[in-house]
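S.K.: First the structure, which I've put down as structure tokens, then a few questions once you've had a look.
The values are calculated or read from the model by the stated rules, or taken from the named source; none is laboratory data. What you are looking at is a predicted structure, and each value in this text was computed from that prediction instead of being measured. Here the Cβ positions follow ideal geometry from the backbone for every residue, glycine too, while neighbour counts run over all protein chains shown.
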Amino acid sequence: KSRVGTVPRRFSVGGDIKVMTQEPDGSWTEPRVLVPMSADNDIPKVVANKLVVLSTGEWILPFWRQKSWKVCETKKEFNTAGVLRSDDKGANWQAHGFVHLDYPTHWIIEGTVVELRNGTLMMLMRSTDNFIFAATSEDQGVVWSPPRKTTIPNPDAKISAMRLANGDLALAFNDHYRSFTGQAKQREEAKQRDMLKVAISKDDGQSWTDLAQIDNGIQVPGMLYHYPTLLQRDGVLLVAYSRTYLHRPDDHHQHQIDKRAG
């Protein structure tokens, strides 16, 4: 259980980042370490969003370095966002970027990367500061700018962005703030994640227009709608997401939700 006693801890921070490859016969190789936990002072490494293939051929996989619970209490290290970059289709990888906020008790993590029309990479990140933050790279992911706050709300929740077949950008996100900033104690009990939306940008992320609210009309007390991932197949935009009870009352244990979006 977590520090607060009533809410089970639902995750543990990562360790190594590994890859497995599917062979032509359908079998899978043994895991291969791309970045070990031992790098960068033994801080755990984590991934949450998809790999992006650039127009110039490089593969970019966003990741972040997240302090363990013990280090979180000491507040002596930053959580930092970066990317793994491969220019040989995954044979070799290099880590780049240590993007972070100015305070060790605040973070930007779970980056999602899109390539803009001019070749610039934009990484959008979840934050503890009520807004999505953005960093950019002009050299295919090697050097990253300091983070800047966008105008898009974020309740410290994962986001997902991608370039659509028609050239627009799509973004899935929780469209609201939260009641505190930073990594405050008892944050699990105060967590809220709803208003899960998909928005479209026709100007490379300068402005966004709502396309759909995924959880509209299906909210259940004590449930979180979060962790979206976008995917486009045959012209159809799909959103995979999680429904998680923060506090699950007994009278809702048989509640069924079925929503299909096209």
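S.K.: Residue under question is Gly14, and the condition is that it be of a type outside the set (Asp, Glu), modelled with pLDDT under 95 and closer than 25 Å to Leu171 by Cβ; does it hold?
M.R.: So Gly14 fits the description; yes.
S.K.: Let me ask another. Among the residues of region 95-110, which ones are closer than 17 Å to Val13 by Cα and of a type in the set (A, V, I, L, M, F, W, C)?
M.R.: Selection gives Trp107, Ile108, Ile109.
S.K.: Test Gly57 against the criterion of being part of a strand (DSSP E or B) and on the phi > 0 side of the Ramachandran plot, and give yes or no.
M.R.: For Gly57, the condition - part of a strand (DSSP E or B) and on the phi > 0 side of the Ramachandran plot - is not met.
S.K.: Starting from region 1-29, keep only residues that are of a type in the set (Ser, Thr, Tyr), then list their pairs with residues that are at pLDDT below 75 and part of a loop (DSSP other than H, G, I, E, B) whose Cβ atoms are within a distance under 6 Å, requiring at least 6 positions of separation or different chains.
M.R.: Close Cβ pairs satisfying both conditions: Ser2/Arg9; Ser2/Glu188.
S.K.: How do the pairs read when you match residues in region 152-163 that are under 12 Å from Leu224 (Cβ atoms) with residues anywhere that are outside any strand (DSSP E or B) and not aliphatic (A, V, I, L, M), using Cβ under 7 Å and keeping only pairs 6 or more apart or on different chains?
M.R.: Pro155/His176; Pro155/Tyr177; Pro155/Arg178; Pro155/Gln192; Pro155/Arg193; Asp156/Thr128; Asp156/Arg178; Ala157/Arg193
S.K.: For residues that are under 18 Å from Glu110 (Cα atoms) and either out of contact with any Phe, Trp or Tyr (no Cβ under 9 Å at 6 or more places or on another chain) or of a type in the set (Gly, Ala, Ser) (or both), scanning just region 174-187, find the one that is modelled with the lowest pLDDT.
M.R.: Applying the filter and picking the extreme gives Gly182.
S.K.: Same structure again: Is there a residue in region 109-116 that is of a type in the set (D, E, K, R) and free of Cβ contacts under 8 Å to residues at least 60 places away in the same chain?
M.R.: Looking for residues that are of a type in the set (D, E, K, R) and free of Cβ contacts under 8 Å to residues at least 60 places away in the same chain, one finds none in region 109-116, hence no.
S.K.: Right, something else. Which strands (runs of 3 or more DSSP E) sit wholly inside region 95-187 and have at least 3 residues that are under 23 Å from Arg233 (Cβ atoms) and within 17 Å of the chain's Cα centre (by Cα)? Working first, answer last.
M.R.: Details: elements: 108-115, 121-127, 131-137, 148-153, 160-163, 169-174.
Once the strands (runs of 3 or more DSSP E) in region 95-187 are filtered for at least 3 residues that are under 23 Å from Arg233 (Cβ atoms) and within 17 Å of the chain's Cα centre (by Cα), what remains is 108-115, 160-163, 169-174.
S.K.: Please enumerate the residues belonging to region 212-240 that are out of contact with any Leu (no Cβ under 8 Å at 6 or more places or on another chain) and either small (Gly, Ala, Ser) or outside any loop (DSSP other than H, G, I, E, B) (or both).
M.R.: Just the residues of region 212-240 that are out of contact with any Leu (no Cβ under 8 Å at 6 or more places or on another chain), to begin with: 212, 216-221, 227, 229, 233-236.
Passing the criteria: Ala212, Gly217, Tyr227, Thr229, Arg233, Gly235, Val236.
S.K.: Something else about it: Determine, yes or no, whether Lys50 is modelled with pLDDT of 85 or more, assigned to a loop (DSSP other than H, G, I, E, B) and more than 18 Å from Phe98 (Cα to Cα).
M.R.: When the stated conditions are applied, Lys50 passes them.
S.K.: Which numbered condition trips up Gly141, out of (1) touching a Lys or Arg at 6+ places or on another chain (Cβ under 9 Å); (2) surrounded by fewer than 23 Cβ atoms within 10 Å (Cβ to Cβ); (3) over 21 Å from Pro228 (Cα atoms)?
M.R.: (2)
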